[in-house]
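I have placed the structure first, in the form of C-alpha cells, so that the comments after it can refer back to it.
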Amino acid sequence: MELRQLRYAVAVADHLNFREASRALHVAQPSLSVQIKQPEEEIGVALFIRSKRHVEITRQGKVFLKTAREALAMLDRSVSSARRAERGEVGTLRLGFVATALFNILPRLLEELKTQLPMVTVELRESPSSTQMQSLQLGDLDLGLGYLEELPKQISSAIVLSEPFILVLHEKHRAAKKRVVLFEDLKDDLLLIPRKDLFPTKYQAIIDLLLAAGMTDMRTQEIEHPLTALAPLRRQTPVLRLFRLQRKNCRQGGWSSGLSKPMFHLSKP
C-alpha cells in the first residue's frame with residue numbers, strides 16, 4: 001500500500017464524492033477509483049459503499065481512515081521537522097558567553113532566539129573568550145559571545161556590541177563626587193582588572209591606557225569575574241558610583257560620570 005493511496009482514501013472520505021475528490025486531488029476519476037480499489041483488495045475489506053449518487057464510509061472504513069489520518073499527520077510533522085532541522089530551526093544551540101554578556105547582549109539574544117526559533121533549545125556555557133575559541137574549534141560550541149581576539153580562519157565573527165570601560169568607585173572615595181576622574185586621582189588605589197590569561201584583549205587594552213596616561217606604577221590586581229570587583233566595595237558602602245572612560249587625551253583626562261547622580265545603587269542586605 002502506498003502513501004498516496006492513503007491520501008486518496010482520506011480525500012474521498014472528506015468529500016463523500018469521487019468526482020469532487022478527483023478534482024481536489026487533480027487526478028482522473030477512473031484512476032482514483034482504481035487507487036481506492038487496490039488497498040481494499042489488499043486488506044480484504046471494503047472502505048466505502050458506492051452508488052451512482054452516494055458514497056458511504058463503512059464501519060471498517062472508519063477505523064481504517066482514523067489510523068490513516070494519524071499516519072499522514074505524523075508523516076507531515078516528520079517532513080516539517082526535517083526541513084526545519086535543515087534550516088537550523090530545531091535542535092540544540094550550544095552558546096558560550098563571557099560573564100559581562102549577562103548584563104546586555106545575552107538577554108536580548110535569548111529573547112530574539114525564543115521569538116525567531118522557538119523550537120531551538122539553548123544550552124548556555126559561561127567561559128572566557130580564549131576557552132570559547134578552543135571549544136568552537138573542537139566542535140563543542142556552536143556560537144560564542146566574547147571579546148575580540150585573533151581568530152582562526154575557520155571561525156567567522158561579527159561585532160555585535162562595543163562596550164566602554166567603566167570605573168567603579170564607592171561613594172566615600174575622594175574622587176567619587178567629581179564629574180571627571182583623572183588617572184592621577186587613582187595613583188594610591190588598587191585597580192582591579194580582568195585576568196590576563198582569561199581576558200587577554202581586555203587586559204592589554206587597560207594596561208595600554210594606563211601606560212598612555214603615564215601610570216606605570218599603578219597597583220593592579222587581576223580578577224576572574226567582574227562581580228568580584230563589586231564585592232569588596234559593597235561591604236564598605238551601599239552606594240557605588242560609575243564613571244565612563246573618556247578616551248580623549250589619556251594623560252590629562254580620565255573617567256567622566258556624565259551624570260549628576262550615580263547610574264545605579266546597590267543596597268546593603
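At a glance:
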quantity	calculated
Members of region 41-81 that are part of a loop (DSSP other than H, G, I, E, B) and modelled with pLDDT of 90 or more	Gly44, Val45, Ala46, Leu47, Thr58
Residue check for Val120: within 26 Å of Arg77 (Cα to Cα) and in contact with a Lys or Arg (Cβ under 6 Å, 6 or more places away or on another chain)	no
All positions within region 202-227 that are surrounded by 12 or more Cβ atoms within 10 Å (Cβ to Cβ), more than 17 Å from Tyr147 (Cα to Cα) and touching a Leu at 6+ places or on another chain (Cβ under 6 Å)	Met218, Thr220
Residue match in region 33-54 (condition: polar (S, T, N, Q), out of contact with any strand residue (DSSP E or B) (no Cβ under 7 Å at 6 or more places or on another chain) and under 14 Å from Ala11 (Cβ atoms))	yes
Breaking point among (1) part of a loop (DSSP other than H, G, I, E, B); (2) modelled with pLDDT of 80 or more; (3) under 22 Å from Gly146 (Cβ atoms), for Leu198	(2)
Selection within region 10-60 - closer than 20 Å to Ala71 by Cα and of a type in the set (Val, Ile, Thr)	Val10, Val12, Ile36, Ile43, Val45, Ile57, Thr58
Residue match in region 130-152 (condition: at positive phi and in the same structural domain as Leu110 (by TED's automatic domain parsing))	yes
Residue match in region 120-135 (condition: hydrophobic (A, V, I, L, M, F, W, C), more than 30 Å from Glu2 (Cα to Cα) and surrounded by fewer than 12 Cβ atoms within 10 Å (Cβ to Cβ))	no
Tally, over region 16-58, of residues that are touching a residue at least 12 places away in the same chain (Cβ under 8 Å) and within 18 Å of Leu72 (Cβ to Cβ)	14
When residues of region 82-130 are limited to those that are in a loop (DSSP other than H, G, I, E, B) and of a type in the set (Val, Ile, Thr), the one modelled with the highest pLDDT	Val98
Filter pass, Val34 being loosely packed, with under 15 Cβ neighbours inside 10 Å and not assigned by TED's automatic domain parsing to the domain that holds Asp197	yes
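The values are calculated or read from the model by the stated rules, or taken from the named source; none is laboratory data. Nothing here was measured: the structure is a model prediction, and the numbers come from that model. Please note: Cβ atoms are built from the backbone with ideal geometry, for glycine as well, and neighbour counts cover all protein chains shown.
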